[in-house]
Every structure is written in structure tokens, then in C-alpha cells.
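Below is one structure; the comments refer to it alone.
The values are calculated or read from the model by the stated rules, or taken from the named source; none is laboratory data. Because the structure is a prediction, the values reported are computed rather than measured. FYI the Cβ positions are ideal-geometry reconstructions off the backbone, even for glycines, and counts take in every protein chain you see. Heavy atoms of the whole protein, side chains included, go into the accessibility calculation; ligands, DNA and RNA do not. Shrake-Rupley method; radii C 1.70, N 1.55, O 1.52, S 1.80 Å.
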Amino acid sequence: MNQIATDATTGSAQATLFADWRDYFALLKPRVMTLVIFTAACAMAVAPGKLHPMLAFTGILCIAVAAGAAGALNQWYEADIDALMKRTAQRPLPAGKLAAGEALAFGVILGTGSVAMIGLALNWVAAFWLAVSILFYVVVYTVWLKRRTPQNIVIGGAAGAFPVICGWAAVTGDTPLFAWMLFGIIFLWTPPHFWALALFMEADYAKAGVPMLPVTHGLPETRRQILLYSCLLVPLTIAPTLLGMADWAYGGTAITLGAMFMWMAIKVSRSTATAPSQMVAEKQLFKFSLLYLACLFGALVADRLLLP
């Protein structure tokens, strides 16, 4: 295990003295969890069929807890590089507020508990995909990809997309094409979203030795890849309407939001800024991408509720 985690384990008793509920809550990565919960809840709303409100709440809660478990296990493994990055240095483990063993146990208990609960309360198809989402984020993305390849975000984007599969399966017990299209939207959205962040955080990633695309291939290539993935993303968001899976209430929203997203991606591709303080277009795209995904999935739910 890395030195930071080893030191945290050695001083576990001391670390616990400084921990409170807010430190455990921070392990869950609540800001990341919010979007995961929202997209999964939208998938549950769009999926055909109905759940009792208590079962629906249980499903959303399990997906939220599973996302938090993945975040805790991610921070347990990445305590060493978190300590080197300004953006993450104050997280509970690098800040010495929690010991590595506590974070590991917390993540494992939450992860196994959420999978077991959704399986018992709803169905085991949803439980299977929930387990896959946790393992993919922790094992495939965090352990295997992140420190080895600039494609970490591309492949690892599946981790953030699996919750919509879980949400759909929680209602229907299966995973049809429409569910996988929602998966694909999040999968293709992830690279432009995170690479926009990586552009103005490039120095932090370089310092920590994380091979993000701006570090390994430079800023111009990262901007080109952002535009490329945006060109793949926008048509996929319109596809549900073209295939008759959604009405034009959603389709019109997808076209409008897609045009805005493409305009911002083109601005990023034309940017020559090298200092983070000058990267106005990059920061604009990063912030808008969060609103974009939320509005897109919200429009899908609104569209389904408006259908006869």
C-alpha cells in the first residue's frame, strides 16, 4: 500500500480523534453522488412500469449508498496522490482526519450492504449491475486505469454510466436498448466533462503523476479530443427521438442543449490559453456540462410524463 495510506493506518487512533460525521460524509464524494442519483432516478422514472414509492426510494437510496461506497474506496486507494493535489489535499485521508483502514471498512460495508439491499428489496438484476458499477469504479478505473493510461477517463466513464442501468433494472428487471442508450450518453459525456477540468488542473495532475490526457498529449490534443467526443455525444442524445423512444419535447431540448454544448466545445478547441487563469472557455464548458446532463435527463422525464 502507498506511504500515505500506511502512515494513516499506523496513526489510526490519532486520526479517529479528529474525525466526525462530516469526514465520513466527505468520503462519499457527495457532489459526484448528486448527479449519479439524479440520472439513476430519471432512468427509474422513464422505465416502463411502476414501483411502490417506498421501493423506489429504497432503490435510489441503494444506488446513492453504492456511489458513496465507490467514492470512499477510491479515496482509500488514492490517498497518496490526493495529498499531492491542491484540489484534493484536504480530503479526510490526506488531511489525517481518518485512517486508511476506517475508510476501507466504511466503503466495503456500504458497498456490500447496498448491493444486498437492492437485491432483496427489488431484484437481483439491479443488484448485479450495482455491484458491477462499484467494482468498475474501484478496480478498473481507480486501481487499473487511472495511473497507467490517458484513456482512464474514457474507459472509466462507464462507472458513472452504470447507475442508469441499475435504475432501469430496478423497475423492470431487464436492460433494454433504451437503457443502454442512456448509458452511452453518460459514457460519451464523461470525457469532455473531465478533460475540460483536466485542462485547467493539468499542473496538479502532472505533480501527482496521473497520466491525464493534457499531461501526456498536451493541451491542443486534449481540446481536439473534447470536440471529437462532443461530436459523438450530441447525435446520441437526439437518437431516442429519431428512433421513436421519446417525443419531440425531449428531442427539441436535446437539440438546443446539444447546440450549446457544441458551441462551447468549439470555443475550447480554438482556445490557445496555457494558464488556468486564462482558460475561460474551458471552465465554461466544465460548468455547463453539469447543467447539460441534468437538463437532458430532466427533459427525458418530462417528455415521458407528457406522453399519453
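Note that the chain presents 44 Å² accessible area per residue, ligands and nucleic acids not counted, probe 1.4 Å.
Hey, if you drop one equal point scatterer on each alpha-carbon of segment 193-269 and run the Debye formula without solvent, what base-10 log of I(q)/I(0) do you get at q = 0.25 Å⁻¹? Log10 of I(q)/I(0), two decimals: -1.03. Taking the protein heavy atoms of segment 198-288 in the context of the full set of protein chains, the accessible area attributed to carbon and sulfur is 64 percent at 1.4 Å.
With a 1.4 Å probe rolled over the protein heavy atoms of all chains, the accessible area of Val108, Val115 falls in the order Val108, Val115, largest first.
Computed in the context of the full set of protein chains, the accessible area of segment 137-188 at 1.4 Å probe radius has 69% of its extent on carbon or sulfur.
Distances between every pair of Cα atoms in segment 238-295, grouped in 5 Å steps from 0 to the bin holding the largest one, split as 4, 18, 22, 18, 14, 10, 6, 4, 2, 0 percent.
Beyond 29 Å, the tail of the calculated P(r) for the chain holds 38 percent of the Cα pairs.
Here is how the number arises for the chain: DSSP H runs of 4 or more residues each give -39500 (n - 2.57), the sum is divided by the residue count, and the result at 222 nm is -25000 deg cm²/dmol. Our note on the geometry: Cα centres of segment 160-238 and segment 240-308, 13 Å apart. Once both labels are positioned 7 Å from their Cα atoms along Cα-to-Cβ, the gap between Leu227 and Trp21 label points is 5.0 nm. Count Lys and Arg as plus one, Asp and Glu as minus one, and take only other residues whose Cβ is under 15 Å from that of Thr253; the net charge is then -1. Computed from label points 7 Å out along Cα-Cβ, the spacing between Ala302 and Lys287 is 2.2 nm.
In order along segment 57-68, the Karplus-derived 3J(HN,Hα) couplings, from 6.51 cos²θ - 1.76 cosθ + 1.60 at θ = phi - 60°, round to 4, 4, x, 5, 4, 5, 5, 5, 5, 5, 4, x Hz, and Gly and Pro are given as x. Remark: segment 90-96, residue by residue, has Karplus-estimated 3J(HN,Hα) of 9, 5, x, 6, x, 7, x Hz, where x stands for each Gly or Pro and the curve is 6.51 cos²θ - 1.76 cosθ + 1.60 at θ = phi - 60°.
Principal axis extents of the Cα atoms in segment 65-184, from largest to smallest and rounded to whole angstrom, are 44, 31, 19.
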